[in-house]
Every structure is written in C-alpha cells, then in structure tokens.
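The values are calculated or read from the model by the stated rules, or taken from the named source; none is laboratory data. Computed from a predicted structure; not experimentally measured. Virtual Cβ from ideal backbone geometry, glycine too; neighbours counted across all protein chains shown.
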There are 2 protein chains.
Amino acid sequence: MSKKLTSRTEDYSKWYNELVVKANLAENSAVRGCMVIKPYGYAIWEKMQAELDRMFKETGHENAYFPLFVPKSLFEAEEKNAEGFAKECAVVTHYRLQNDPDNPGKLRVDPNAKLEEELVVRPTSEAIIWNTYKGWIESYRDLPLLINQWANVVRWEMRTRLFLRTAEFLWQEGHTAHATKAEAIQEAELMNDVYATFAQDFMAIPVIKGRKTESERFAGADETYCIEALMQDGKALQAGTSHFLGQNFAKAFDVKFANKEGKQDYVWATSWGVSTRLMGALIMTHSDDLGLVLPPNLAPHQVVIVPIFKNEEQFEAIQDKVNIISKELRAAGVSVKFDKRDTLRPGAKFAQHELQGVPLRLAIGARDLENGTVELARRDTLTKETVDISTLTEKVTGLLKDIQKTLFDKALNYRNSHITEVNSFEEFKEVLETKGGFISAHWDGTIETENKIKELTKATTRCIPDSFKAEEGVCIYSGKPSKTRVLFAKAY
Amino acid sequence: MSKKLTSRTEDYSKWYNELVVKANLAENSAVRGCMVIKPYGYAIWEKMQAELDRMFKETGHENAYFPLFVPKSLFEAEEKNAEGFAKECAVVTHYRLQNDPDNPGKLRVDPNAKLEEELVVRPTSEAIIWNTYKGWIESYRDLPLLINQWANVVRWEMRTRLFLRTAEFLWQEGHTAHATKAEAIQEAELMNDVYATFAQDFMAIPVIKGRKTESERFAGADETYCIEALMQDGKALQAGTSHFLGQNFAKAFDVKFANKEGKQDYVWATSWGVSTRLMGALIMTHSDDLGLVLPPNLAPHQVVIVPIFKNEEQFEAIQDKVNIISKELRAAGVSVKFDKRDTLRPGAKFAQHELQGVPLRLAIGARDLENGTVELARRDTLTKETVDISTLTEKVTGLLKDIQKTLFDKALNYRNSHITEVNSFEEFKEVLETKGGFISAHWDGTIETENKIKELTKATTRCIPDSFKAEEGVCIYSGKPSKTRVLFAKAY
Ligand SMILES: [Zn+2]
Ligand SMILES: [Zn+2]
C-alpha cells in the first residue's frame, strides 16, 4: 500500500494534492493544466450530475447541446464578457496537420489550412447560445426558454490545481430567456436556491447564499448570485453561481421578442453553473488525515463488505451469507460493493476503503457466521460496532442517514464558528491571520477599497449574504459610510 | 404550422434535412459543420446514453474522463492512427486573445501567446489515454482495465450533414487494456454484440455484425468489428465499431505489464464507440413522409395526451380525468406528456406530435368523458381506435410493445429483402442502381479491387458478416480466386 498522507496541519495544500491522487480521484495529464478524472472520482461526479440533472428537470429545464467552438466575431460581441475571458482562451487557428518535411515521421500544422476566422474553445457559452436563441425566439409564446447543457469548457489558467482550477473542466451551464426582468431575476434566484439545496442535502456542505459585489460579478452580468462554502483551512470556496444577465446578451446578439401587445423588446437572460470544482469542495469539507470522507448521498458505494477468511471453505460460507445480506441491503436502496479480491489482505482493503471514503465498512468472518453478526465501521467517526444480522438493514440505513447528518452538522458548526464580525481593519487582519474563515465587515462599496484590502491581505469580498439586513456603519478600511456588511475571506 | 415535408420519393436527402430541423432535433450552428442539438433531439440522445451506459456497466466497465486536447507529440506517436486523422484535426496554437489595435472593440490572437507545442482537439482519444495508461499498468493485477468515456470529439470533415457527419459530435469511446490477445479479441467482440443488442432492442434497427476489410479498418486497429444497418433509401450506415488494437498503442506508448511469471509484455488493447450518428440511423430507419417515427423504447414521451374542449368547464373535467389516467400510466412505467397548451388547436398539436414521432397519441373530449373512453392513435401505422378507460393502461402497454416490435419487423423485412447475392460485376452494377441495399459478392481480397469498385460504382465493402461461411469463388471484378463473400453497399 502507498504510505500515509501528509497531515492537514503539516501542509494542507500538500494533503489535498496527495489525497486526490491516492484516493484515485484524478491526476494531472500530459496536457498542461488539464486533468484526468479517474473512474472513482468520475463515479462521484456522476452521482452529482444525476441529482442536479433531476433537480433541473423538476424545475422545468431541458438539456441541449451547443458547439464547443465560438467564432471570434461572436465571442467578442458582448464586450464585457469577451474582455473577462479573452486572456484565458484556447484558440483554434488551423484545421489540418501534414507530414513535417524536416522531421520524417512527425507532423506539423499545415500552413495552408489556416481558418479564415479563428475559433475560441468555449470558456462559457453565452455567445454561441444567444446567437442561436436569436433564431428560436420571436414572440412571448417562445418564452421562457429554460435550457441546460452538460459540457466541457476551457479557461487557460496559469496556476492550476486538480478539480479546483484546471484548464479544462466539466460543468453544466443553464441559459434561460425570459419576457420580463422580474421573471429572469426570479429564475436566477431559484437556481441559486437549487444549488444551495444540492450542496446541503447531497454534499453535506452548508453554504451561504448571497450576491457578489460588482467587481466579483461574472463578466457580462448585472447581478451574480452565489453560494459560498468554507473549507477546513478557513478559506472560502465559491461553489456555484447564478447570473442575472439583464438584456446584455440580447442586445449584443439582437434577440427581441413581440410581447402580448405586439411590441418588440429585448429578451431578459440568466445563466448559472456548477463544475467539477464541486469535487474539490466535497473533498476539502469532510476529509481527514486518513483520506477521503464521503457523504452517503454521493458515495459510489455506501457500504463495502470485506470478507475475513482463512481458507476457501470459509470464503464460500461467507460469500453465501454476503449474497443474502447484499440483496436485502440493495432492496432497501443501499449501494453495496463486495470486495472479494484475493490479491489484498483485509487490513490493506480497510486502508484503501478508508482512503477512498466509503461511508460504512462491513467486515464478516467465520466467527461472525457462527454468531450471526457482522462488524460495522463508520468512516466519519471511525467507530466500530458488532451488529446482529437480523437487524442489519435497518441499522445500515439508519447509520447512513446519521453519517449524512453528522457530516453536515460538523461542517455547519465549523462554518458558524468561523464567521467573525469585525469593526476595524486591525481586527480584520488579526482574525484573518489567526482564525481565518468569513469575516463580516463594513465596506464603503468601492472597487478601490476592495482592491486595496485584497492587495494588503489577500482577502476578497465573497458575497453580501441574503440574510444580511441593511445596517449603517463605517468602512473598516476607508472610514467612509457603509450601508451593509459584506463577507470577506481568503478564497480558493 | 410549418408546411409539409418534402416526400422521401421526391428527394430523400432533402426529406432528411427538413425532418431533422422541423422535428426540433438539431440545426446547423454559426460554426462551420458543428450542430446544435435541440432539446427534443437531445432527450432522445439521453435515452440512448442511459441504456448504453447501463449496458457498459453491466459488462464491467467504468466511466472516466480524459483531456480534450492531445499534444502533437503524443498524437503522432502511433503512426497509422495519426496518419488516419491528421487531415481533419482542429489545432489549438494560441492561448490568449488581446485587443486588436487596428480594430477598436475587436479582439485578435495574441502573437505572444503561442503554445510551445500545438494541441490537437481530440478526434479520438487512444493517444492521450494510452499515454495515461502507462502510469496505471504495472502488472497483470492491474488488468483488465475496462474504461469508457462520454465526450465530444472533433473531425474537420469538409462535407457535413446533421447527425450523420459533423465536425464536432458526441460519442462514447471505450478503451480497454488486457493481458492476452485472446481476451482483448473477446472484449472487442463482446462490445460489438452489446451495440447490436442495443440497436435491435432499443432502436428497433436490425444490424449485420461483421468485420471490416483491411482498408475500411480504424486507423491503428488490427481488426475492426462493426454493426451495419440499412436505411430506407437502400444505403448502408455503419452504426457502431469495436476495434481490436493489438499491441499497437502499447508499443507506441511503451505500456508493458509483468505477467504472473514476472515477465514483461506489451498490453493488448481495444477501443469501441458509437456516436450521435445513431440519431441519423434512427431517423432514417423508421420515419415517414409525415415526420419522425420513434420506437417507444427511445421516445422521450411514449404517450402524448391532447384534450379536446370547447370551454373552461370541459377542460377542467378532462384535466381531472387526465390526471387519473396519467398517474396510472406512469405507475405502469409509461412516460406521458399532457399537452394542455392553450396557444394551439388540437389539429395543430396532432400534426406536431406526428412530426415529432410520439408513438401513441391519446385524445380525450367531452363525449369521451360521458362514454368513459379515449381515442388512441398509433404513429407507426396511423390507425386509431376508441378504447375503454377501464382497460387503458393494459391497452397502452400492449400497444407500445407492439409498436416497438412492428417497427423492428418492418425494418428487418426491408433489410432482408435488400441483401442480394450477385456473381458478376454486371449484376452488381444493376442491383446497385435499380434496387440498392447490401450486395453479397466474391472479392479477391485486395485494396486495389475495392478502390476500383468504389471508383466505378461508389459502393464500398461494408463488412464480412459473422454469419458468412468460407466459400470458394471468383472475384466479381478481377476474376481472381476468392475465399469468402463480402457485403458491398453505397453507404452514409
Ligand atoms: Zn478554527
Ligand atoms: Zn426496394
């Protein structure tokens, strides 16, 4: 087996990188900044996708698929959006390779196959989608248009980390069109709520719902709603965003509709997305020095069964019992894996399943067969107990619910104890350095102050939480008047 | 409503193009050769994906995700594969745009952001995957490696058609690694069988399983297994391929394993894929001059319910009944859509659902309520019948099964009556021109003859069917000896 993980206190960042690779979630590839998502990591992502997809469909959305490439002339049409992404675009300029005359057996780009117009590999799809919507929307009868896409996107980030920031990542992007401003805002808020529900009920991650400050908004948005989570190292992580795009894209792509009175007006838009970055949030919220800890609602296998035997005869007897147990557990909706590999000893299997965060481990040996018992071990608390097989299914379903809740409560307690109200910049800096987490502070509302605070402390505004009421105060940095507190944090 | 489709006899190709767009399946995009898959088309693709994914998992495969880009040096490593795809590669050469000093408000490629090594947008992923497998495989214990990926790929085709041939398309690609040649061949054959089962049981398309001739093999494969279908115009369509790759990629990427005796050997490989091209096959196999005809096993909605009412009161009464009916149908596993739009008259709804191929239409009006009946109309046969509500669920489930079977049988009859054995080139040409379909003929086994026949007739070898026995004969073109017949056809 691989040796122990670096501990979190020793080097949190190293711990994360090692965990991702050793738990078989993902690894770096031969392409700078692009990752390979390994089967076990992908299985978790598939569970996330399935739940999100169900939630999108339940709220009236349909899936579709739009091109990977965006012609440059479309990409630049919405200026703020283009400006926001131009510096990190992969650009296709040629459509053919040819034999390299100077290097036999090698290829080179065919200089005669230059595209007339360069194609941007989509960093996000507003441009190509709104150019398409132009052909789909004529009147109010065509609205609302509620579409989602599961896709890969590319943003040429210079400093990348597995799941958290990669040049290519997987995501979903919803793109909706509406007849009224109010309806579009309602949609953007609804989808932020969907993300919050998903994070809390499936990922067991408490999130703060709020709005971004202007400088942290999506390029091209009039308002960005977001959910913010807190990692175990006191850094925040933006887990999902939902944008009210106003009429910006409708104007850039000339998408108008005839309202009920027959008058032409520009269409109102939203877009919203979550990505494989959620995998990073999931890992960093719950895991420990032994490895991954998965909430049962997203675990590829909720229960792994490890047989403990000295000979073939014992194995056969155990296997017969396991088949009965598994069938009953599966009938109760529990996903079960029987780890009957003969290439690993039980101890090595235990270590692997611990590293991979399987919520419950069920060990069964010859003496268990005699006693009609099994041993159950919880991954989250590392506690074990002997359970009578007659009550096993009930016990397992109860434990899975309890693990899900325990993980959420633990994360919630941590998060709640790491939101600190401060009233001076000195206090701000001290809390940031000693305690971390979210800091609630008055701010004058200017980008200058945000930039200055970021420059001095590396903390950025995360959001103005929905729960924050208007409150007169004084900016901790500039001393100018402030009308509301905002949450700051160092962030991923 | 849009006007009628061009009929198939009038112009089959035009009929297809119109149907794809009017049935809201897909449309061309602003990017040359790339399509937009619209929500209704995507919903059919999602049903295909779900069934295939289940079948892959049931045969022991796991999903993973590999990078979109392939560095040129990896792309060219397996020479035959590289040669096969070099002429149709989209190539990323730069990673940044900048403001164009000559055109205010426009962007241009930043000449200072040229990649050191060009990145090929994957046309297929053997190269990037086998480069990754090198790190995953050390010994026989790591084998077999059974992985599938759902992804987009890009092949810069010059002549494109919606679903059938597009520059970007969606597909799945399985990539497996094995300790022995026999096991790899068995896997390639197994997955071709899985494809055949899927085509027959879900798409209601009969397929011929066979092997490609050398010239029609996948670039880099030692053997290509395939399933071949026949469209209504007598042209063949390759619906899926499964490749035995020998040790070609293992050698190109130096992927060795230690066998049980500790000896090093190169790993054996397969790859296999089906794509959104299947949508084209589905459309062209079953549809008619009124539009799409969908097999119930892949229809997004198996039953659409259209209320027929003169006033709000009637509508309310019908809706109450529809709610009861729908609940019962859904409980029986039938997917139901209640089309209660008040912007369209029943006749227009009928035409739309016909165009979109919904297998069963259920109409219910005020008199039906009195009589306790509904009207059921089959999309495939266009027949209608009045059905007592008390027997509705049983009737519907029975009809859906019957439609699925009827579509398959009809396609099978057509296909079987369009396989013609010929024994001379004259006969070959006559059958090809007058009847079309598959032509079974003796061929001398040389690429020269294949090329000559293709040049003269546009027909290509489709496959050597698994069902064909060795048979001594004489090549219809060259007169040289032949050991087996092969199927020729004009093909998509
Ligand atoms: Zn603390
Ligand atoms: Zn015919």
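If I filter region A:39-48 for residues that are free of Cβ contacts under 8 Å to residues at least 40 places away in the same chain, more than 18 Å from A:Ser275 (Cβ to Cβ) and within 19 Å of the chain's Cα centre (by Cα), do I get at least one hit?
Yes, there is a match, as at least one residue in region A:39-48 is free of Cβ contacts under 8 Å to residues at least 40 places away in the same chain, more than 18 Å from A:Ser275 (Cβ to Cβ) and within 19 Å of the chain's Cα centre (by Cα).
Checking the condition of a type in the set (Lys, Arg), more than 14 Å from chain A (Cβ to nearest Cβ), more than 16 Å from ligand 1 (Cβ to nearest atom) and touching a Gly at 6+ places or on another chain (Cβ under 7 Å), which residue from B:Arg367, B:Arg379 passes?
B:Arg379 is the lone residue from the list that is of a type in the set (Lys, Arg), more than 14 Å from chain A (Cβ to nearest Cβ), more than 16 Å from ligand 1 (Cβ to nearest atom) and touching a Gly at 6+ places or on another chain (Cβ under 7 Å).
For region B:225-271, enumerate the residues that are under 12 Å from B:Ala491 (Cβ atoms) and not in a strand (DSSP E or B).
B:Met231, B:Asp233, B:Gly234, B:Lys235
Please count how many residues of region A:259-301 are under 20 Å from A:Ile185 (Cα atoms) and of a type in the set (A, V, I, L, M, F, W, C).
Of the residues in region A:259-301, 5 are under 20 Å from A:Ile185 (Cα atoms) and of a type in the set (A, V, I, L, M, F, W, C).
Only one residue in A:Leu407, A:Leu392, A:Leu376 is within 25 Å of the chain's Cα centre (by Cα), more than 16 Å from ligand 2 (Cβ to nearest atom) and surrounded by 16 or more Cβ atoms within 10 Å (Cβ to Cβ). Which one?
Matching residue, one of A:Leu407, A:Leu392, A:Leu376: A:Leu407.
Filter region B:123-132 for residues that are within 10 Å of chain A (Cβ to nearest Cβ) and touching a strand residue (DSSP E or B) at 6+ places or on another chain (Cβ under 8 Å) and give the result.
Listed by number, the residues that qualify are B:Ala127, B:Ile128, B:Ile129, B:Thr132.
Name the single residue, out of those in region B:133-145 being out of contact with any helix residue (DSSP H, G or I) (no Cβ under 8 Å at 6 or more places or on another chain) and under 19 Å from B:Ser242 (Cβ atoms), that is nearest to the other protein chains (Cβ to nearest Cβ).
B:Tyr133
Yes/no matrix, rows are residues, columns are (1) closer than 19 Å to A:Glu228 by Cα; (2) not in a helix (DSSP H, G or I):
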| site | (1), (2) |
| --- | --- |
| A:Arg415 | yes, no |
| A:Glu455 | no, no |
| A:Ser467 | yes, yes |
| A:Glu471 | no, yes |
| A:Val486 | yes, yes |
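Taking region B:422-439 as the region of interest, how many residues are more than 16 Å from ligand 2 (Cβ to nearest atom) and not in a helix (DSSP H, G or I)?
2
Tell me, which residue of region B:74-100 that is free of Cβ contacts under 8 Å to residues at least 24 places away in the same chain and part of a strand (DSSP E or B) is surrounded by the most Cβ atoms within 10 Å (Cβ to Cβ)?
B:Leu97
What number goes with the only condition from (1) in contact (Cβ under 8 Å) with a residue 12 or more places away in the chain; (2) over 30 Å from B:Leu369 (Cβ atoms) that B:Gln314 does not pass?
Condition not satisfied by B:Gln314: (2).
So if I check each of B:Glu157, B:Glu168, B:Glu187, which one is of a type outside the set (Val, Ile, Thr) and more than 30 Å from B:Ser29 (Cα to Cα)?
B:Glu187
When residues of region B:74-103 are filtered for being acidic (Asp, Glu), at the interface with chain A (Cβ under 7 Å from one of its Cβ atoms) and touching a helix residue (DSSP H, G or I) at 6+ places or on another chain (Cβ under 7 Å), how many remain?
Number satisfying all stated conditions: 1.
Only one residue in A:Glu187, A:Glu183 is buried (at least 24 other Cβ atoms within 10 Å of the Cβ), more than 14 Å from every other protein chain (Cβ to nearest Cβ), not in a strand (DSSP E or B) and not aliphatic (A, V, I, L, M). Which one?
A:Glu187
On the given criteria, is A:Asn17 surrounded by fewer than 20 Cβ atoms within 10 Å (Cβ to Cβ) and part of a helix (DSSP H, G or I)?
Spelling it out, A:Asn17 is indeed surrounded by fewer than 20 Cβ atoms within 10 Å (Cβ to Cβ) and part of a helix (DSSP H, G or I).
Can you say whether A:Ala250 is surrounded by fewer than 18 Cβ atoms within 10 Å (Cβ to Cβ), modelled with pLDDT of 95 or more and farther than 30 Å from A:Pro295 by Cβ, as far as the supplied structure shows?
Taking the combined requirement at face value, the residue does not satisfy it.
Looking at B:Lys106 and the list (1) facing chain A (nearest Cβ under 9 Å); (2) surrounded by 16 or more Cβ atoms within 10 Å (Cβ to Cβ), which single condition is not satisfied?
Result: B:Lys106 fails condition (2) only.
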